[in-house]
1. Would you mind getting the accessible area per residue of the stretch 25-77, heavy atoms of the protein chains only, 1.4 Å probe, in Å²?
2. Any chance you could look up the accessible area of Asp86 with a 1.4 Å probe, heavy atoms only, rounded to 10 Å²?
3. Which trypsin sites (Lys or Arg not before Pro) in the stretch 35-112 pass both tests, a DSSP loop state and at most 16 other beta-carbon atoms within 10 Å?
4. Grab the other residues whose beta carbon is less than 15 angstrom from that of Lys51, score K and R as +1, D and E as -1, and report the net.
5. Work out the FRET efficiency for Thr106 and Lys26 from their Cβ-Cβ distance, taking R0 = 25 Å, and round it to the nearest 0.05.
Amino acid sequence: MSSRKSRTGYHSNYSTGIRAENKVAKQYISSGWSVVQSAGSRGAADLKCTKGTTTHYVQVKSSTVGNPQISNQEIGRLKSTATRNDATSVIAKVTSSYTTVQYAKTGNSVKL
């Protein structure tokens with residue numbers, strides 16, 4: 001069975017995720033950051049955002065219903081990857097009504 005057959009399945013979730021990544025990328029870009037999107041969201045981070053000597057590895061989570069969820073395993077992988085690459089790990093959560101961008105280690109809001 002192809003995942004593209006379902007309007008509410010993987011393909012729809014993937015499209016929602018891409019739209020959320022684009023929304024967060026635009027926020028970074030409008031604040032003067034350079035942004036590179038991960039191809040196919042295969043890595044620990046969906047976005048690599050750079051401004052001067054500062055780099056953020058951003059994992060974007062989205063939901064059309066409720067609070068977007070990120071597993072402890074995903075957070076650990078993001079933190080580890082960011083640390084190995086001298087970057088800061090960031091989690092962005094996107095819904096139809098809000099977007100939050102927070103440091104993975106502290107939960108404090110990122111000031112773009």
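1. 59
2. 140
3. Those that pass, being in a loop and sparsely packed, are Arg42, Lys105, Lys111.
4. Details: positive: Lys26, Lys48, Lys111; negative: Asp86.
Its environment carries a net charge of +2.
5. That pair, Thr106 with Lys26, gives E of 0.55.
The values are calculated or read from the model by the stated rules, or taken from the named source; none is laboratory data. Because the structure is predicted, anything quoted here is derived from the model rather than measured. Counting neighbours? That spans all protein chains shown, and the Cβs are built from the backbone with ideal geometry, glycine included. With ligands, DNA and RNA removed, areas are computed over all heavy atoms of the protein, side chains included. Shrake-Rupley method; radii C 1.70, N 1.55, O 1.52, S 1.80 Å.
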